[in-house]
Each structure stands twice: as C-alpha cells, then as structure tokens.
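The values are calculated or read from the model by the stated rules, or taken from the named source; none is laboratory data. Everything numeric in this text was worked out from a predicted model, so none of it was measured. Please note: Cβ atoms are built from the backbone with ideal geometry, for glycine as well, and neighbour counts cover all protein chains shown.
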Amino acid sequence: MTEPLTGRAGISADLVPLDPARPLSVVHLPGGLTVAAVSADWLGRQPAERVAALMARHLAAGEGDRAATFRSARRRTEWLAGRLAAKHAVRAHTGARRATRAIRVAAVESGPRAGKPFVDAPVGIGISHSGGLAVAVCGPRPVGIDLELDRVLSPALVRVLRSDGVLAEMSPTLRWACKEAVLKSFGFGLRIGFREVALTGWRPDGTFTWSAGPRLRDAAHALPWPRHGWAAEIRGYAFALVW
C-alpha cells in the first residue's frame with residue numbers, strides 16, 4: 001500500500017487540545033485514537049522541587065536518568081513534557097488503572113528507526129513538541145504525529161513543499177507536518193527525507209492522502225502502513241496525525 005485509505009477520519013479541529021495555557025489535556029478522538037497534550041511552557045515555569053516531584057511521580061526507574069542527560073534546560077523540559085503526554089495518552093487509551101510511573105516509554109536505540117517511541121503495551125504511540133507544547137497519540141496500530149508552530153519557512157523550502165501541487169489552501173507548515181507525521185509513523189523521521197512523501201490530496205474535513213517514493217517503499221516494505229491521515233491548523237499550530 002502506498003497511500004492511506006480514503007475513508008473520512010471524522011476528526012474536527014475543535015476536538016484537538018492544543019492550548020499551552022493548560023498543563024494537561026487528554027481527549028479520545030474518532031478512529032480509536034487518544035491524544036494528550038502537556039504544556040512545556042507551564043512545566044518550564046515550575047520550581048525545581050515541583051519538577052522533581054513530578055518526575056518522581058510519573059517517571060519509571062531509569063527514565064529520570066535519561067532526562068538528566070540533556071544539557072539544555074529547554075530540551076530537558078520538552079523531553080519530559082513529551083514523556084508525560086505519552087504516559088497519559090497510553091493510560092487513558094488502555095483504561096489501565098496502573099500509575100503513569102508504571103508505564104515505561106522507551107525508544108528504538110539504533111538502526112533506521114532509532115528514536116521511535118514505544119511502550120510495554122500492545123499499542124502504538126507517537127510524540128511531538130513545538131511552540132511550548134508537547135503532544136502524544138496512542139492507538140491500536142502504529143501511529144504518527146507531528147506538531148509545528150506556524151512560522152516563516154525559507155523560500156527554497158516553501159518551493160519544495162508546494163511542488164506536490166496539493167490544494168493551495170494547505171500552508172507550507174501544514175504540508176511539512178503531514179510529511180513528518182507519515183515518516184514518524186514508520187519510525188524514520190527525516191532520515192528518509194520528506195521528499196519521499198508526496199501529498200496527493202487534502203479534503204475540507206482535514207483528511208489527507210499521500211504516496212511514497214522509492215526509498216520509503218523499500219525501507220518500509222515489511223512494516224505496517226498507515227491507513228488514514230488527518231491534518232489541520234489549530235491555534236497557530238500545524239497538526240497532523242496518521243494511523
């Protein structure tokens with residue numbers, strides 16, 4: 001399969017919780033998805049003892065050590081916000097009564113899929129962060145998510161992103177988010193290259209379709225392929241999901 005099925009996703013932008021002013025939001029979306037958002041802006045304003053208490057409450061043994069490896073306070077806060085979002089998404093999606101601390105979020109350590117997050121449960125997860133907000137998605141199959149704060153891109157990059165010829169209403173930042181969400185669903189990120197994802201359509205309801213280039217088809221031939229794509233511009237962010 002080289003592009004998602006054409007069924008409508010049934011998601012609307014007002015269901016997606018993108019608000020940096022709220023410390024935590026969790027919603028169930030059509031398609032069997034659960035999305036959680038954690039405000040990195042809020043987290044970064046908390047005193048050190050408050051952050052330490054949150055880490056002790058929510059991080060499993062060893063996860064706190066990973067947080068300590070980031071030299072940049074901003075990057076450490078983003079990482080923590082992403083992990084918290086993933087844990088809350090998994091807990092809400094599975095209906096598990098276990099504490100978030102018992103949900104271990106790990107990542108593929110090496111190879112072309114290095115960095116792809118996963119958990120000790122039969123679900124797929126994805127994490128993204130931008131503009132003071134971290135988001136995570138959990139679903140019954142491999143998923144991809146990307147969040148991009150709307151910003152001015154270089155003219156050269158805009159020309160490349162518009163070369164797909166999708167509807168003019170789709171902004172360059174939203175196109176970028178769609179392509180990256182597809183690549184992240186496989187675990188490749190930008191290692192494969194966003195030119196390997198050609199956007200082929202975008203409906204008014206946010207559903208988008210795409211086709212894969214030869215490198216992506218070759219790299220992902222043995223992996224599950226996403227069946228659906230949905231994207232929208234929400235509160236100054238470009239947001240995309242594939243599953």
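Please indicate, with yes or no, whether at least one residue in region 192-211 is within 22 Å of His129 (Cβ to Cβ) and part of a helix (DSSP H, G or I).
Yes; the residues of region 192-211 include at least one that is within 22 Å of His129 (Cβ to Cβ) and part of a helix (DSSP H, G or I).
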Determine if region 215-224 includes at least one residue that is more than 24 Å from Val123 (Cα to Cα) and modelled with pLDDT of 95 or more.
-> yes
Filtering region 106-117 down to residues that are touching a strand residue (DSSP E or B) at 6+ places or on another chain (Cβ under 8 Å) and surrounded by fewer than 18 Cβ atoms within 10 Å (Cβ to Cβ), which residue is farthest from Gly139 (Cα to Cα)?
-> Ala114
Do you know which of the residues in region 102-130 that are part of a strand (DSSP E or B), in contact with an Asp or Glu (Cβ under 8 Å, 6 or more places away or on another chain) and not small (Gly, Ala, Ser) is farthest from Gly64 (Cα to Cα)?
-> His129
Filter result for the condition that a residue is surrounded by fewer than 17 Cβ atoms within 10 Å (Cβ to Cβ), touching a residue at least 60 places away in the same chain (Cβ under 8 Å) and not polar (S, T, N, Q), over Pro155, Pro140 | Pro140
Could you list, in sequence order, the residues of region 47-87 that are among the β-branched types (Val, Ile, Thr) and part of a helix (DSSP H, G or I)?
-> Val51, Thr77
From Ser185, Ser154, grab the single residue that is of a type in the set (Ser, Thr, Tyr) and at pLDDT 95 or above.
-> Ser185
Of Gly206, Gly193, which residue is touching a residue at least 24 places away in the same chain (Cβ under 8 Å) and under 20 Å from the mean Cα position of the chain (by Cα)?
-> Gly206
Taking only pairs six or more apart or across chains, which ones have beta-carbon atoms under 6 Å, a first residue in region 55-70 that is more than 17 Å from Ala40 (Cβ to Cβ), and a second residue that is surrounded by 10 or more Cβ atoms within 10 Å (Cβ to Cβ)?
-> Ala60/Arg101; Ala60/Arg104; Gly64/Met55
